[in-house]
Amino acid sequence: MKGTVLYGPRDVRFEDWPEPQIEKPTDAIIRIAATCVCGSDLWPYRGIQKIAQPTPMGHEYCGIVEAIGSAVSTVKPGQFVIGSFCISDNTCPNCQAGYQSGCQNLEFMSRAQAPILRVPHADGTLVATPGMPPDDLLPSLLTISDVLGTGWFAADAANVKPGSTTVVVGDGAVGLLGVLSAKQMGAERIVAMSRHKQRQQFAEEFGATEIVTERGDKGVARIKELTGGIGADSVLECVGTEESMMQAIRSARPGGSIGYVGVPHGAALDVQNLFFALVRLHGGPAPVRRYLPNLIKLVWDRKINPGKVFDLVLPIEQVAEGYRAMDERRAIKALLRP
Ligand SMILES: [Zn+2]
């Protein structure tokens, strides 16, 4: 079979690799129904994050269980499953506390941009859907694996509550689904910070009530202006640069909360500024496993339609074009079908 390998900056190849097999009793093998390119895949793709050797890619996935190891008990062959991009046992103290992305046996999924995938710790990582999904639900179900789960965590970590005023920094797929998540959690005002016309429209479809196009000092000034000089209750940081992080912190009111989920690259914080900002910071890799049952139910019952973020669908053989389109911002997010 073939899978996706990154060789270096802007060099993605779909090439032969051995078909995965059960290696441990806790493994499952799944046949991928849909996978995709993640915004975080663009860091190594652009050469900002260096890779030491050719690297198999892909960590967002859903599909049908083909085989299970002897110790797997919660999923069985023939079931449709979704898993987190974090592999977790879901039994250790950190998992039990709801932080499966801090599991004592944590691994990060890779090799999911391929037709067949081995999932370690299947019981702790995968959740089955109530039945076989109709084709039109696949994009939304796929988002749960990372991009929706991460946007949801950003909103949860930012303490979004009914009536909250929420600001979302970042108009990538995670930011857009952060808007959707904040709306589901009852935010009254949701300000999306975006300069991109089409993404502003998506943000409004997902529930944004206001758009701010300014960035940096001007962006912060605009948020203050919109909130009577105070700042937002909740800010979702969905980029990962120092500029976006500072924009998020300065957009929050004293006592406000920032949920930060953009993978930091070269971001440093001035602790003295942070001290006087009087804000709560919570973030990191999203514990998607915690949210899987609830998010599957919301999608299954068609209460939310996060799959709209996929504005490009390609056969998986054309994965390189998916990376190119996202790199050049021609696409928000590329779905790949084996
Ligand atoms: Zn664990």
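The values are calculated or read from the model by the stated rules, or taken from the named source; none is laboratory data. Just so you know, these numbers come straight off a predicted model, no measurement behind them. In this analysis, Cβ positions are derived from the backbone assuming ideal geometry, glycine residues included, and neighbour counts consider all displayed protein chains. Please note that ligands, DNA and RNA were not included when accessible areas were found on the heavy atoms of the full protein model with its side chains. Shrake-Rupley method; radii C 1.70, N 1.55, O 1.52, S 1.80 Å.
Miscellaneous remarks
- Here, the chain yields an orientationally averaged convex hull projection of 16.0 nm² when only Cα atoms define the hull.
- Across segment 196-289, C-alpha contacts under 8 Å between residues 6 or more apart give a mean separation that, scaled by the residue count, equals a relative contact order of 23 percent.
- Candidate residues 280, 118: accessible-area rank, largest first, probe 1.4 Å: 280, 118
- At R0 = 45 Å, FRET efficiency that the Cβ-Cβ distance of residue 225 and residue 10 yields, to 0.05: 0.65
- Base-10 log of normalised Debye intensity for segment 199-318 (one unit scatterer per alpha-carbon) at q = 0.10, 0.17, 0.22 Å⁻¹: -0.41, -1.04, -1.33
- From the alpha carbon centroid of segment 86-128 to that of segment 1-62 is 16 Å.
- Both radii were evaluated on the Cα set of segment 77-141; the Rg over Rh quotient, with Rh as the Kirkwood radius, amounts to 1.00.
- Equivalent ellipsoid, segment 226-283 (semi-axes from 5 times Cα gyration tensor eigenvalues, Å): 18, 12, 9
- Considering helices alone, the calculated mean residue ellipticity of the chain at 222 nm is -8500 deg cm²/dmol, with DSSP H runs of length four and up weighted by -39500 (n - 2.57) and normalised per residue.
- Interatomic Cα distance distribution for segment 161-249, bins of 10 angstrom, percent: 20, 57, 23
- Averaging 1/r over every pair of different alpha carbons in segment 52-193 and inverting the result gives a Kirkwood radius of 16.5 Å.
- Contour minus Cα-Cα distance for residue 91 and residue 66 (0.36 nm per residue): 6.6 nm
- The chain: angle of helix 173-184 to the longest principal axis, Cα-based, in degrees nearest 10: 70 degrees
- Normalising the average separation of contacting C-alpha pairs (under 8 angstrom, six or more residues apart) by the number of residues puts the relative contact order of the chain at 19 percent.
- Descending principal axes extents, segment 1-115, alpha-carbon based, whole Å: 41, 32, 22
- Of the two radii for segment 20-74, the radius of gyration is 1.10 times the Kirkwood radius, both from the alpha carbons; that is the Rg over Rh value.
- In sequence order, calculated HN-Hα J values of segment 239-254 (Karplus, 6.51, -1.76, 1.60; Hz; x Gly/Pro): 10, x, 9, 4, 4, 5, 5, 5, 4, 5, 4, 6, 7, 8, 7, x
- Sequence-separation-based contact order of segment 1-110, relative, with Cα cut under 8 Å and 6+ spacing, percent: 23 percent
- Placing 59, 121 in order of accessible area, with the largest value first and a 1.4 Å probe, yields 121, 59.
- DSSP-loop GluC sites (Glu not before Pro) across segment 1-72, with at most 13 other Cβ within 10 angstrom: 23
- If both residues of a DSSP beta bridge must be in the chain, then about 55% of such bridges are antiparallel.
- Reported to the nearest whole Å, the Cα centre-to-centre distance from segment 274-338 to segment 215-237 is 25.
- Between 0 and 90 degrees, the angle of helix 216-226 with respect to the longest Cα principal axis of the chain falls at about 70 degrees.
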